[in-house]
Amino acid sequence: MPDDTAIGGTADRFPQTRWSAIVAVRSDNATDRARGLEAIAASYWKPVYKYIRLRWNRSSEDAKDLTQEFFSRLIEKGFLNGYDPAKARLRTFLRVCIDGLVQNEDKSARRLKRGGDAQILSLDFESAEGELARLDPPAPGSLGDFFEQEWVRSLFGLAVDALRADCKSRGKSVHFRLFELYDLNDDSASHLTYDDLARQFDLAPTDVTNYLAFARREFRRIALEKLREMTASDDEFRREARSLFGFDPGDPA
Amino acid sequence: MNWLSDDALRRLRSAAGSPDLSGTRYRLLEFVARGGMGVVYLAEDSVLRRRVALKILDPVASSPGLAARLLREARILARLEHPGIVPVHDVGTLADGRVFYAMKFVEGRRLDHHLQQIHSVPERLRLYGKICEAVAFAHARGILHRDLKPENVMVGPFGEVLVMDWGLAKFLHRQPEDAATLLDESPAQTANDTVATPAAHTSDSSVHTAHGSILGTPGYMPPEQARGDLHLLDQRSDVFALGALLLYLLTGNPPSTSSPQATLSRPLAAICRKAMAADPASRYPSASDLAADVARFLDSEPVSAYPEGLFGKAGRFISRHRIAFLLVLTFLVVRVLLLLVFRR
């Protein structure tokens, strides 16, 4: 019966059609590994860099080297082979790896080994430095939360960029612009209402509602896609997604 | 990449996670509960100015198959207009594409919590009778619940009982009309969906296996359901769960940790055993029959599940006519005493 077969499903199997950077980086195929590393680095390099700067109080130059070293070792040393989502979240695991790397790394040996300041990834460290300057320094005991928050910032930043490109390619730049002004705008003094936006863009207020709903829906879709890439199983993805978009019971939704 | 402030992150999280109720008559008030398939919010119906519960497809679990299932649950509820079943008011799709339905907001407590305040067995059994009535009504409408357990029963402030969470409900006999109302819920659409207990006011303890079989909730599901023999399920499968529920009501312990023999009177233990028989043919044929046996016990009448001997009958007779029995006994004792006194 259709309603019977509908129940259940492949709850324990990670859908093969959904690509996972974590799975890819553990692959035997060099191309897959490189692609996986690229995706993980895109989401995590800023949190890693900022964490090294603040947790280990390293100079910008040292933090750059250690960040590059970290992602290099992610592949070379197979850091992620020891990752078990049932035991810890990926961010916790990565932080432990970073801490181990920084504690054990001999700066001169590292530079010698890697041939000075050779870089494996092209990363815009200046922007990360700029962001650090805008942040309130976290308390020493809350660096785990800091890493988490910076990861969310990085993931959402990538999703916003992808949404911008997506809207542009689909001729929906106005949708993105409304989303940017209403949901991303930080200037509380000039926070716009739906009516303000309708006047500014010569739209009906209901259009503003619909355009914003579209942009938010697409943002959620893209953010979830990126999150899925950073997880190794469907269960882990659901846990992470609930954590990312979830509510604490009792909180206004 | 643009810099996103902490405030922007908060807004993005909220915008992406919250349902978009624009264009609807509802205003979001607060989060209530989350399950495997949906999230329940308290909302205000701005037209009728009353509070309702909105069950909205979980954005994380969202898929066409699950959307069809949520709609299906709403349509099943719409068929079940009964005081013991939570009424559905509205169904639709939000601007953000998520399917939702609006239902009565039940301001009560879950049965397992409510029982902490009820210690009288007759009172518990009367409450149980209301649960059986609601389930029997659903059976009469050709619908099985398939996930009856204390967490799926709410008790309102005036003692009203509501059977909740019909997300796993199944039609006993699919009619052509049913197929039409169930949308285009084809196996191809849903085979890869992960379905868990729909969000309601419940715990998420239901377990679902892969490939079309349900485990339901351990302790409350009949053997045929646990085996995944879904074609064998009929109203006696819900009778099994009702038996487990009765055992829970009487012992306060989950069925897996208590046995009917433990502390119950023999007739009640026999009722539980019969309802929870491994073989469906040995169970009560319907929820009404089970409820009738419980009602007979309440009225100190013989129950069908327990063939009693002479002493049992006498004991029940005495229990049923206690005052008359005491009067006659007193009369006889006085009579004997008077005879003894006057013989001297």
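Some values worked out for this structure:
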| quantity | calculated |
| --- | --- |
| Label-point gap, in nm, between B:Gln117 and A:Gln200 - each point 7 angstrom along Cα→Cβ | 5.2 nm |
| Full-extension gain in nm, A:Ala30 to A:Ser127, via 0.36 nm per residue minus C-alpha separation | 31.9 nm |
| Distance between modelled label sites at B:Glu301 and B:His231, nm, 7 Å Cα→Cβ extension | 4.0 nm |
| FRET efficiency for A:Ala139 and B:Asn2, using Cβ-Cβ distance with R0 set to 25 Å, rounded to 0.05 | 0.40 |
| Cβ-derived FRET efficiency at R0 25 Å, A:Ser243 paired with A:Asp161, nearest 0.05 | 0.65 |
| Entries of B:Lys149/B:Lys313; A:Lys77/A:Lys168; B:Lys55/B:Lys170; A:Lys46/A:Lys77 with Cα pairs more than 31 Å apart | B:Lys149/B:Lys313; A:Lys77/A:Lys168 |
| Likely footprinting exposure, A:Asp187, B:Asp293, fewest C-beta neighbours within 10 Å first | A:Asp187, B:Asp293 |
| Dipole-positive endmost among B:Ala291, B:Val341, B:His321 within region B:279-344 (Cβ charges, Cα centre) | B:Val341 |
| Length-normalised contact order for region A:2-245 - Cα pairs under 8 Å, 6+ apart - percent | 29 percent |
| Mean-position separation - Cα centroids, region B:238-308 and region A:35-103, in angstrom | 59 Å |
| Proximal lysines to A:Lys50, defined as alpha-carbon separation beneath 16 angstrom and excluding residues fewer than eight positions away on the same chain | A:Lys64 |
| Label-to-label distance, nm, for residues given as A:Ser233 and B:Asp90 (7 Å Cα→Cβ offset) | 4.1 nm |
| For a label point 7 Å along the Cα-to-beta-carbon line of B:Glu308, residues of region B:277-302 with backbone N under 15 Å | B:293-302 |
| For A:217-225, mean number of other protein chain Cβ atoms within 10 Å | 4 |
| Cβ neighbours within 10 Å from other chains - mean over A:228-238 | 1 |
| Modelled FRET efficiency - R0 30 Å, B:Phe317 with B:Ser282, Cβ distances, 0.05 increments | 0.60 |
| Residues A:Asp28, A:Asp196, B:Asp58, sorted so that the one with the fewest Cβ neighbours within 10 Å comes first | A:Asp28, A:Asp196, B:Asp58 |
| Residues A:Ile222, B:Ile318, B:Ile131, sorted so that the one with the fewest Cβ neighbours within 10 Å comes first | B:Ile318, A:Ile222, B:Ile131 |
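Taken together, the values in this text are just the output of simple stated rules run on the coordinates, not laboratory data. What you are looking at is a predicted structure, and each value in this text was computed from that prediction instead of being measured. Using ideal geometry, Cβ is built from the backbone for each residue, glycine included, and neighbour counts are taken over all protein chains shown.
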